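Since the structure comes first, as structure tokens, the remarks are kept for the end.
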Protein chains: 2
Amino acid sequence: MQFADRLNNVETSAIRELFKLLGKPGIISFAGGFPDSAMFDVAGIREASNAALTEEPGAALQYGATEGYQPLREQLAAFMTSKGATDVAPENLIVTTGSQQALDLLGKTLISPGDKVIVEGPTFLATIQCFRLYGAELICAPVDGDGVQTDALEALIAQHKPKFVYLIPTFGNPSGATLSAQRRKRVLELAVQYQTLVVEDDPYGDLYFGEAPQPSLLALSASVPGSRELLAHCGSLSKVLSPGLRVGWMIAPAELLAKATMCKQFSDAHTSTFAQATAAHYLKAGRMPATLDHVRTVYAQRALAMGNALRKDLGDAISFVQPRGGLFVWARLTGAGGKLQSGAELARRAIEKGVAFVPGAPFYARDPDLATLRLSFATVDVAKIEEGVARLAQAL
Amino acid sequence: MQFADRLNNVETSAIRELFKLLGKPGIISFAGGFPDSAMFDVAGIREASNAALTEEPGAALQYGATEGYQPLREQLAAFMTSKGATDVAPENLIVTTGSQQALDLLGKTLISPGDKVIVEGPTFLATIQCFRLYGAELICAPVDGDGVQTDALEALIAQHKPKFVYLIPTFGNPSGATLSAQRRKRVLELAVQYQTLVVEDDPYGDLYFGEAPQPSLLALSASVPGSRELLAHCGSLSKVLSPGLRVGWMIAPAELLAKATMCKQFSDAHTSTFAQATAAHYLKAGRMPATLDHVRTVYAQRALAMGNALRKDLGDAISFVQPRGGLFVWARLTGAGGKLQSGAELARRAIEKGVAFVPGAPFYARDPDLATLRLSFATVDVAKIEEGVARLAQAL
């Protein structure tokens, strides 16, 4: 069978092979990129789903508007307002089938084969493959503990004239980094100066430990004239409520939103109205603040435990910035004391010792840093985090 | 903002303008392409959803495999077996976000810009736009009361060497036609003879009135050696249970299924596990046969009422084949008695008289028959069908 040319642009085996090993009994896994099922508010979701089926069974089970179920759009606009983006109206967003679909729609709507897109190096794996399927050439902007380096970003924008710039500015996957306030403002200024669309992917911003993070680019855009018309923002309930609902959303300038809606019509017609009505009732019931408090508290404990254990057991053989939110510790093997410097090699040895994680190289669209690794603390309790890190130290 | 070149291939305003008029109070609408909300088995779906959240809350709310939730794949394989495709294993199918996503994945996986795809003339509107977004050039094969004309189809395959042939062989949308037994066999033979993939889209096959229709191409493929490896089959719960669940599936040769799964990973990661687990429990509970009996009975009454009313009120000014299943009457204005021959003009006048339907021209990928119209009887009760057809006669 002859497949479409676009399939030649992607390669997906890198991590898949590793995941096959995760079935081994007794493995402690830091490899996942998902929230802990034990924290799902099952009772709240059941109540919301039953309310949807009782109060509006027709709407919850029938075809719906491609833009999204109106009561959910209203709830999501209010949710964004509560997070500082005070001027988001329901009409400014569409509901997507997880935020993965928002990425797909951005690719479908904007990328012609050969177009350039700037992403962070490293960035979300599925973003890399998603945009490549549409023929994008990806350019990597360097990231440090304060997020993407805006001077380097400006030079890359000037040089490559990208179709858009894709960033995960808050608790980035995999970097865990958060863009500083100064750089946030600078990114929006660059958008205006170079008339370049910026995509802010923000699945983790609600998962902060302690202080709330910097305002989102979306919230900040109100103070940088012209930037709102060059900004798309992707949100998701997956990390805070439930990935299984597959409810994400995209806020974007009207023209882009209209084209994305047209494309979505032919992608899946609309996102499950059953899931949308359930999410709408959940948000309406006012349960979200307590749910967020709960997950923040638990993940904060786990992040702290992982940071402490890494410092204690691996010492100067590893370097990382203690995460202030999100699901991940992004680390680098220093080679100190003659220890391993290859993330991939450590991953292989770690599996033998009974602990799994994802090496960092595949997260780079190009020029991978082979010494990096991503460790998720989200789904493992504190005792197992300590045991897993001890095993990691043995593998090093 | 500069959008991707692929957006130049689609045009979606044709029907949208008409739909804007449907909000007018008192309009009787034959325009929809959806099932009647009043027939949804709300109690059964609520029970299934609660069972899913009680028995496996983690799985129902967590990320899931891109291929689909395994218990649902098992139920769907059993459902296909019950419909005569006795050799479908869970591994032979993936779950899709409605069967619209199966079409999108076929496009993404198979169509390079400039590739040719043969479709029926007329065919499902969203199929036309979906494949065009991937750059397909669409070729129309002629259809009569027995479905696609296989002699013409063979000539088109030989001439155009299409990437694949897309058919809705049973109670087609919009044609209502069902492919005869002889032609079904011939389509499969052509697939083998010309080594051309055939896509069978089958959302309506379960909605038969009276006798069950011909076996699906999928079921028949067992008796045409080599054809199974050149056949993709798309199914959906949308027309028989609930569109809002957005649960469809695709059965295809292993290599194609693997590529489609890879593409789906970057389209939406997976279909809502909440919806999938609900559908799995619904099927497992054994409720489907009674649900199907119910919708068949109601739609059969409405189809009969519409056919009778059309014959009585419009006489020889309209010609159509009485549907034996599905949701639609596909009709043609004959011009007899000096009456209207333009479907679009009749649609405009009909709105004035208080009845809506969709003119047939947009359903043709090329060379539209301007005298055609599609009337859905699915969501209107018998009394309103009679009233609506009377209004239609006044508009003619």
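The values are calculated or read from the model by the stated rules, or taken from the named source; none is laboratory data. None of these values were measured; they are calculated from a predicted model. FYI the Cβ positions are ideal-geometry reconstructions off the backbone, even for glycines, and counts take in every protein chain you see. To get the accessible areas, we keep the full protein, side chains included, count just its heavy atoms, and leave off ligands, DNA and RNA. Shrake-Rupley method; radii C 1.70, N 1.55, O 1.52, S 1.80 Å.
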What ³J(HN,Hα) values, in whole Hz, does the Karplus curve 6.51 cos²θ - 1.76 cosθ + 1.60 give for region A:191-201 when θ = phi - 60°, with x put for Gly and Pro?
-> 4, 5, 4, 9, 6, 10, 5, 10, 9, 9, 9
Using the reciprocal of the averaged 1/r over all distinct C-alpha pairs, how large is the Kirkwood radius of the protein assembly as shown in Å?
-> 27.5
Enumerate the calculated ³J(HN,Hα) couplings along region B:373-390 in order (Karplus 6.51 cos²θ - 1.76 cosθ + 1.60, θ = phi - 60°), each rounded to whole Hz, writing x wherever the residue is Gly or Pro.
-> 8, 10, 10, 9, 9, 5, 9, 10, 6, 4, 4, 6, 4, 5, 5, x, 5, 4
Excluding B:Q182 itself, calculate the net charge of residues whose Cβ lies under 15 Å from the Cβ of B:Q182, where each Lys or Arg counts +1 and each Asp or Glu counts -1.
-> -1
Computed about the Cα centre, the charge dipole of region A:187-248 from +1 Lys/Arg and -1 Asp/Glu charges at the Cβ has a magnitude in debye, to the nearest 20, of 180
P(r) for region A:148-205: what percent of alpha-carbon pairs falls in each 5 Å bin, starting at zero?
-> 4, 20, 31, 25, 16, 5, 0
Any idea of A:M1's accessible area? Nearest 10 Å², probe 1.4 Å.
-> 90
Estimated 222 nm signal from helices in the protein assembly as shown, with DSSP H stretches of n ≥ 4 weighted -39500 (n - 2.57), rounded to 500 = -13500 deg cm²/dmol
Could you pull out the pairs from A:K384/B:K264; B:K83/B:K264; B:K163/B:K185; B:K83/B:K108; B:K264/B:K284 whose alpha carbons sit more than 23 Å apart here?
-> A:K384/B:K264; B:K83/B:K264; B:K83/B:K108; B:K264/B:K284
Roughly speaking, to the nearest percent, how much of the protein assembly as shown's 1.4 Å accessible area is carbon and sulfur?
-> 51
If Lys and Arg each add +1 and Asp and Glu each add -1, what is the summed charge of the other residues whose beta carbon sits under 9 Å from the beta carbon of B:S267?
-> -2
Enumerate the amide H contacts of A:I111 below 5 Å, restricted to partners 5 or more residues apart or on another chain; note that Pro and chain-start residues carry no placed amide H.
-> B:A4
The protein assembly as shown: antiparallel DSSP beta bridges as a percent of all, rounded to 5 | 55
Of A:T150, A:F320, A:G84, which is farthest on the positive side of the dipole of chain A, counting Cα position, with +1 on Lys and Arg Cβ, -1 on Asp and Glu Cβ, and the Cα centre as origin?
-> A:F320
Given the Cα-Cα distance of B:A89 and B:D381 and 0.36 nm per residue of separation, how much length would full extension add, in nm?
-> 101.2 nm
Once amide H atoms are built 1.01 Å from N in the peptide plane, which residues 5 or more positions from B:S175, or in another chain, come under 5 Å H to H?
-> none
Please identify the GluC sites (Glu not before Pro) of region A:188-254 that satisfy two criteria: DSSP loop assignment and at most 14 other Cβ atoms within 10 Å. Which are they?
-> A:E211
Global size of chain A as Cα Rg and Dmax, reported in angstrom = 20.8, 66
Residues with beta-carbon under 15 Å from that of A:A51, excluding A:A51: net charge, scoring Lys, Arg +1 and Asp, Glu -1?
-> 0
In debye, nearest 20: dipole of chain B around its Cα centre with unit charges on the Cβ of K, R (+) and D, E (-)?
-> 700
Can you give me the Cα centroid spacing of region B:90-156 and region A:302-316 in angstrom?
-> 55
Non-local residues with an amide H under 5 Å from the amide H of A:I28, with H modelled 1.01 Å from N and Pro and chain starts lacking one, are A:V355, A:A356
Please state the charge dipole magnitude for the protein assembly as shown, taken about the Cα centre, from unit charges on C-beta atoms (+1 on K and R, -1 on D and E), reported in debye and rounded to the nearest 20.
-> 60
How many partner chain Cβ atoms sit within 10 Å of a residue's Cβ in peptide B:269-280, on average, as a whole number?
-> 6
May I ask which residue of B:G176, B:A191, B:L72 lies farthest towards the positive end of the charge dipole of region B:37-194, with charges of +1 (Lys, Arg) and -1 (Asp, Glu) on Cβ and the Cα centre as origin?
-> B:A191
Just need the Rg to Rh number for region A:240-396, please, alpha carbons only, Kirkwood Rh.
-> 1.10
To two decimal places, what compactness ratio does region A:119-190 give when its Cα radius of gyration is scaled by 2.2 N^0.38 Å?
-> 1.05
Pop a pseudo-label 7 angstrom from the Cα along the beta-carbon direction at both B:A155 and A:A38 and give the gap in nm to one decimal.
-> 7.0
Summarise the long-distance tail of P(r) for region A:308-361 by giving the % of C-alpha pairs beyond 14 Å.
-> 59
Under the Karplus curve 6.51 cos²θ - 1.76 cosθ + 1.60, θ = phi - 60°, whole-Hz ³J(HN,Hα) for region A:57-67, x wherever Gly or Pro sits = x, x, 5, 6, 10, 8, 4, x, 5, 4, 5
Heavy-atom accessible surface that B and A bury in contact, both chains counted, 1.4 Å, Å² to 100 | 5800
For region B:367-386 and region A:191-208, compute the distance between their C-alpha centroids and round to whole Å.
-> 47
